[in-house]
Amino acid sequence: MAEMQEFWRWTEYNWRHPEMDWRQGKRIASGIDVGSVSSQALVLVDGQIFAFSNLRTGSNSPDSAHKAINGALKDTGMELNNIKYTVGTGYGRVNVPFANRAITEIACHARGANFMAGPKVRTVLDMGGQDCKAIHCDERGKVSNFLMNDKCAAGTGRGMEVMADLLSIPIKDIGDLSYQVDQEPQPVSSTCVVFAKSEALGLMRSGWSKNMVLAAYCSAMAHRVSLLLGRIGVEDQFFITGGIAKNPGVVKRLEKELGIQAVKSQYDSQIAGALGAALFADTLLQKGA
Amino acid sequence: MIANYGYKDGSGEFFISIDTDRCNSCGECVPACPPKVLEMATDEYDPLSEKTVATVREEERKKIKYTCAPCKPASGRGALPCMAACEPGAIAHSW
Amino acid sequence: MITAGIDVGAKTVKVVLMEDGKIKAKAKVLSGFDQEESAKAALGQALMEAGLSREAIGSIVTTGNGRKAISYATDDVTEARAAALGAVFLYPSARTVIDVGAEESRAIKCDPSGKVLDFAVNEKCAAGSGAFTEAMARALEVPLEELGPLSLRSTQTIPMNAQCTVFAESEVVSLIHSKTQKADIARAVHDGLSSRVVAMVRRVGLDPELVLVGGVAHNPGFVESFKRTVGLDNVRTAEEPEFVAAIGAALTAG
């Protein structure tokens with residue numbers, strides 16, 4: 001049997017600060033975000049990012065948490081017992097064996113976004129693998145209004161994966177390909193991913209190119225997310241975290257629909273949760289918790 | 001903080017909003033809700049606060065359209081028991 | 001006068017020919033890509049069965065999600081009205097009609113004449129319709145028509161957390177990996193669908209004089225779960241449940 005290509009796959013990696021000497025640090029805190037699709041571990045030394053990893057979540061949360069922290073600590077000389085406080089977050093947050101505390105990903109994403117994009121950020125949109133969160137926060141990254149949609153696959157990375165598989169297109173290429181069309185098509189009308197799939201097949205049969213279908217799906221997703229954001233309202237500045245933040249097919253269409261540009265950050269959008277968790281860990285460490 | 005519990009899917013938007021600043025921690029809404037959707041808990045969205053507030057139980061968040069259905073007849077809908085029980089008016093339904 | 005009722009559904013098109021309150025012929029074809037063409041084919045089949053020509057039909061009324069797509073129809077009626085009329089025609093005592101179709105489901109409260117008094121609908125989300133069982137059958141790798149009988153062999157109730165068809169597919173796959181019996185998963189699938197259908201029924205008020213219509217009523221696993229969830233020992237299921245709305249449409253054409 002020919003090996004099946006997995007079009008939804010993305011690349012794992014880890015990063016460490018090139019100069020920082022953690023042994024000089026006073027406070028070492030970490031955050032572990034075990035999501036439904038990806039897991040991240042991030043280590044802060046005196047409140048500065050020292051190292052992180054971004055990996056796929058395995059079938060078991062404790063293993064994924066260990067893999068993530070081992071990935072972040074790889075070749076740094078730091079050991080797990082050098083970390084003084086760890087906060088777990090995400091879908092598998094209660095299954096992080098070495099965590100001192102679990103904190104919801106809503107609170108962590110807001111805090112992480114505040115660090116990544118600055119204290120002027122008021123609206124955070126997290127488009128994750130199996131959920132979508134809209135958050136308002138204050139200048140310290142404290143949540144003032146939020147909603148989370150984790151019931152329905154529409155508007156989540158999972159919905160995009162279904163489309164990638166259906167059309168046999170690698171997920172990282174979807175955004176760019178969705179702009180290779182002569183004109184922007186009408187969005188796919190079905191919200192439900194199951195019905196959108198049938199609709200996409202129907203569009204292909206009626207002669208649409210794959211890129212047209214991708215454009216129609218990306219714009220449907222952007223529209224859906226903008227409606228969800230409408231529940232809490234969008235206040236400047238606006239920041240997007242999570243895996244779909246890397247898909248310009250959705251992000252640029254969303255910006256156009258909302259009439260607002262998302263703040264760009266030098267950091268990987270997928271680390272926001274782990275970063276927020278690590279920042280809480282650092283705060284709790286300072287408080288002597 | 002306004003916490004919106006629930007979801008949006010193809011069939012509509014179903015959220016119970018709880019204003020945790022207005023919530024006075026009295027807990028009256030918990031027994032008032034016939035299908036026991038609500039509970040009192042420390043505010044998990046503000047990890048540095050100790051306040052106990054009304055929340056929608058985790059296992060109900062993905063199906064409140066269905067769980068809340070008996071309080072929302074297709075016609076002749078009266079006041080919702082949870083909202084009626086909340087003296088500070090901290091609870092709202094989006095549908 | 002001969003009248004035709006066409007139920008242009010998401011998955012199949014059903015045609016019923018009636019004359020003076022009697023059913024003359026029925027036909028069903030897959031909706032496929034072109035609903036109008038499929039409706040034409042189904043109508044042709046029904047006419048052949050009745051030994052009639054196209055000209056013999058006095059009027060054609062459509063219902064179902066593609067009811068507006070049929071250019072040669074005389075008129076169209078809503079799905080709720082068609083289902084209620086058809087159900088009361090077949091079962092005069094019916095006061096609650098529960099219609100579970102391929103992509104939608106609805107609970108209808110009606111009066112003795114089949115007039116709709118109240119209804120609640122579940123649409124645009126696959127989790128509340130036959131599409132849910134279809135996707136779950138695929139995930140379980142069993143043919144759809146075997147999903148119901150399979151679930152009747154279940155020995156224990158297991159919870160299913162996902163409320164979304166796409167997430168439920170992943171949940172089913174991980175349940176299979178953790179060696180859960182397929183029969184138990186099948187039962188959990190039907191329990192999930194019936195809990196969503198029953199919530200709709202409760203919105204219009206539960207009347208024990210109820211009848212299940214729509215294609216999903218063919219599934220004995222769903223019917224069993226429905227009985228359990230709604231708390232009734234006996235639930236009436238229409239004999240050819242998928243034709244009920246087409247009958248209702250044909251009746252309005254009279």
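The values are calculated or read from the model by the stated rules, or taken from the named source; none is laboratory data. Please read these numbers as outputs of a predicted model, since none were measured by experiment. Cβ: placed from backbone, ideal geometry, glycine included. Neighbour counts: every protein chain shown.
Would it be correct to say that C:Val223 is under 18 Å from the mean Cα position of the chain (by Cα) and closer than 30 Å to C:Lys24 by Cα? Reasoning before the result, please.
Working: under 18 Å from the mean Cα position of the chain (by Cα): yes; closer than 30 Å to C:Lys24 by Cα: yes.
Taking the combined requirement at face value, the residue satisfies it.
Are any residues in region C:111-136 out of contact with any Cys (no Cβ under 8 Å at 6 or more places or on another chain) and either within 17 Å of C:Val244 (Cβ to Cβ) or part of a loop (DSSP other than H, G, I, E, B) (or both), and if so, which ones?
C:Asp111, C:Pro112, C:Ser113, C:Gly114, C:Lys115, C:Phe119, C:Val121, C:Glu123, C:Ser129, C:Gly130
So, restricting to strands (runs of 3 or more DSSP E) that lie completely within region B:1-93, which ones have at least 3 residues that are over 30 Å from A:Leu284 (Cβ atoms)? Give the steps one after another, and end with the answer.
Values: elements: B:2-9, B:12-19, B:38-42, B:52-56, B:91-93.
Filter on region B:1-93 gives B:2-9, B:12-19, B:91-93.
Out of the residues in region B:23-47 meeting the condition of being among the acidic types (Asp, Glu) and away from every other protein chain (no Cβ under 14 Å), tell me which one is farthest from A:Leu147 (Cα to Cα).
Applying the first criterion (among the acidic types (Asp, Glu)) to region B:23-47 yields B:28, B:39, B:43-44, B:46.
So of that shortlist, the ones also away from every other protein chain (no Cβ under 14 Å) come out as B:28, B:39.
Details: B:Glu28: 24, B:Glu39: 18 Å.
Among those that are among the acidic types (Asp, Glu) and away from every other protein chain (no Cβ under 14 Å), it is B:Glu28.
Looking at A:Gly141, A:Gly175 in this structure, which one is more than 9 Å from chain B (Cβ to nearest Cβ), part of a helix (DSSP H, G or I) and not hydrophobic (A, V, I, L, M, F, W, C)? Talk me through it step by step, then tell me what you get.
On the way: A:Gly141 fails: part of a helix (DSSP H, G or I).
Of the residues listed, the single one that is more than 9 Å from chain B (Cβ to nearest Cβ), part of a helix (DSSP H, G or I) and not hydrophobic (A, V, I, L, M, F, W, C) is A:Gly175.
Which ones in region A:185-204 are more than 7 Å from every other protein chain (Cβ to nearest Cβ) and either out of contact with any Gly (no Cβ under 9 Å at 6 or more places or on another chain) or over 17 Å from A:Ala215 (Cβ atoms) (or both)?
A:Pro185, A:Gln186, A:Pro187, A:Val188, A:Ser189, A:Lys197, A:Ser198, A:Glu199, A:Ala200, A:Leu201, A:Leu203, A:Met204
Out of the residues in region C:155-187 that are of a type in the set (S, T, N, Q) and under 24 Å from the mean Cα position of the chain (by Cα), which is nearest to B:Glu58 (Cα to Cα)? Even if it seems obvious, please write down each step before you answer.
Filtering region C:155-187 for residues of a type in the set (S, T, N, Q) gives C:155-157, C:161, C:163, C:165, C:170, C:174, C:178, C:180-181.
Then keep just the ones that are under 24 Å from the mean Cα position of the chain (by Cα); that gives C:163, C:165.
On the way: C:Gln163: 13, C:Thr165: 19 Å.
My answer is C:Gln163.
Can you pull out the residues in region A:144-171 that are modelled with pLDDT of 95 or more, within 14 Å of chain B (Cβ to nearest Cβ) and either surrounded by fewer than 22 Cβ atoms within 10 Å (Cβ to Cβ) or on the phi > 0 side of the Ramachandran plot (or both)?
Those that are modelled with pLDDT of 95 or more, within 14 Å of chain B (Cβ to nearest Cβ) and either surrounded by fewer than 22 Cβ atoms within 10 Å (Cβ to Cβ) or on the phi > 0 side of the Ramachandran plot (or both): A:Ser144, A:Asn145.
For region A:68-117: of the residues being of a type in the set (A, V, I, L, M) and within 12 Å of chain B (Cβ to nearest Cβ), which is surrounded by the fewest Cβ atoms within 10 Å (Cβ to Cβ)? Walk me through it before giving the result.
Narrowing region A:68-117 to residues of a type in the set (A, V, I, L, M): A:68-69, A:72-73, A:78, A:80, A:83, A:87, A:94, A:96, A:99, A:102-103, A:106-107, A:110, A:113, A:116-117.
Retained after the next criterion (residues that are within 12 Å of chain B (Cβ to nearest Cβ)): A:87, A:94, A:102-103, A:106-107, A:110.
Working: A:Val87: 30, A:Val94: 11, A:Ala102: 19, A:Ile103: 26, A:Ile106: 26, A:Ala107: 27, A:Ala110: 29.
Checking each candidate, the answer is A:Val94.
Which numbered condition trips up B:Tyr45, out of (1) closer than 28 Å to C:Val198 by Cα; (2) at pLDDT below 95?
With (1) closer than 28 Å to C:Val198 by Cα; (2) at pLDDT below 95 applied to B:Tyr45, the lone miss is (1).
Looking only at region C:121-168, count every residue that is at the interface with another protein chain (Cβ under 9 Å from one of its Cβ atoms), hydrophobic (A, V, I, L, M, F, W, C) and surrounded by 22 or more Cβ atoms within 10 Å (Cβ to Cβ) and tell me the total.
8
Kindly indicate the residue of region C:28-51 that is among the charged types (D, E, K, R) and farther than 25 Å from A:Ser190 by Cβ and also surrounded by the most Cβ atoms within 10 Å (Cβ to Cβ) among those meeting that condition. First the steps, then the outcome.
Quick first cut of region C:28-51, residues among the charged types (D, E, K, R) only: C:28, C:34, C:36-37, C:40, C:49.
This time we only want the ones that are farther than 25 Å from A:Ser190 by Cβ, so: C:40, C:49.
Details: C:Lys40: 18, C:Glu49: 14.
Per the criteria, the residue is C:Lys40.
If a residue has to be within 12 Å of B:Ala54 (Cβ to Cβ) and of a type in the set (Gly, Ala, Ser) to count, how many in region B:1-42 make the cut?
Total meeting the criteria: 6.
Considering only residues that are crowded, with 20+ Cβ neighbours inside 10 Å and acidic (Asp, Glu), which ones fall in region C:1-27?
Selection gives C:Asp7 alone.
Could you tell me whether A:Ala153 is outside any helix (DSSP H, G or I), closer than 17 Å to C:Val166 by Cβ and either hydroxyl-bearing (Ser, Thr, Tyr) or outside the structural domain of A:Thr57 (by TED's automatic domain parsing) (or both)? Break it down stepwise before answering.
Numbers: outside any helix (DSSP H, G or I): yes; closer than 17 Å to C:Val166 by Cβ: yes; either hydroxyl-bearing (Ser, Thr, Tyr) or outside the structural domain of A:Thr57 (by TED's automatic domain parsing) (or both): yes.
Yes.
On the given criteria, is A:Gly129 touching a Gly at 6+ places or on another chain (Cβ under 6 Å), modelled with pLDDT under 95 and part of a loop (DSSP other than H, G, I, E, B)? Quick ask: steps written out before the conclusion?
Working: touching a Gly at 6+ places or on another chain (Cβ under 6 Å): yes; modelled with pLDDT under 95: yes; part of a loop (DSSP other than H, G, I, E, B): yes.
Answer is yes for this residue.
Checking the structure you have, find out if any residue of region A:205-215 is part of a helix (DSSP H, G or I), within 30 Å of A:Ile106 (Cβ to Cβ) and within 14 Å of chain C (Cβ to nearest Cβ).
No.
Looking only at region C:211-224, which residues are within 16 Å of C:Leu85 (Cβ to Cβ) and either free of Cβ contacts under 8 Å to residues at least 60 places away in the same chain or surrounded by fewer than 24 Cβ atoms within 10 Å (Cβ to Cβ) (or both)?
Answer for region C:211-224, where residues must be within 16 Å of C:Leu85 (Cβ to Cβ) and either free of Cβ contacts under 8 Å to residues at least 60 places away in the same chain or surrounded by fewer than 24 Cβ atoms within 10 Å (Cβ to Cβ) (or both): there is none.
Taking the residues in region C:225-252 that are touching a Ser or Thr at 6+ places or on another chain (Cβ under 9 Å) and of a type in the set (A, V, I, L, M) as candidates, determine which candidate is surrounded by the fewest Cβ atoms within 10 Å (Cβ to Cβ).
Checking each candidate, the answer is C:Val230.
Each row is one residue, and each column tells you yes or no for (1) assigned to a loop (DSSP other than H, G, I, E, B); (2) small (Gly, Ala, Ser); (3) without any contact (Cβ under 8 Å) to a residue 40 or more places away in the chain.
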| residue | (1), (2), (3) |
| --- | --- |
| C:Pro149 | no, no, no |
| C:Gln156 | yes, no, yes |
| C:Met160 | yes, no, yes |
| C:Ser170 | no, yes, yes |
| C:Ile176 | no, no, yes |
| C:Lys179 | yes, no, yes |
| C:Ile185 | no, no, no |
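Scan region A:224-243 and tell me whether some residue there is over 30 Å from B:Ala92 (Cα atoms) and either in contact (Cβ under 8 Å) with a residue 12 or more places away in the chain or aliphatic (A, V, I, L, M) (or both). Lay out the reasoning, then the answer.
From region A:224-243, those over 30 Å from B:Ala92 (Cα atoms) are A:243; that's our starting set.
Checking the rest, the ones that are also either in contact (Cβ under 8 Å) with a residue 12 or more places away in the chain or aliphatic (A, V, I, L, M) (or both) come to A:243.
There is at least one residue in region A:224-243 that is over 30 Å from B:Ala92 (Cα atoms) and either in contact (Cβ under 8 Å) with a residue 12 or more places away in the chain or aliphatic (A, V, I, L, M) (or both).
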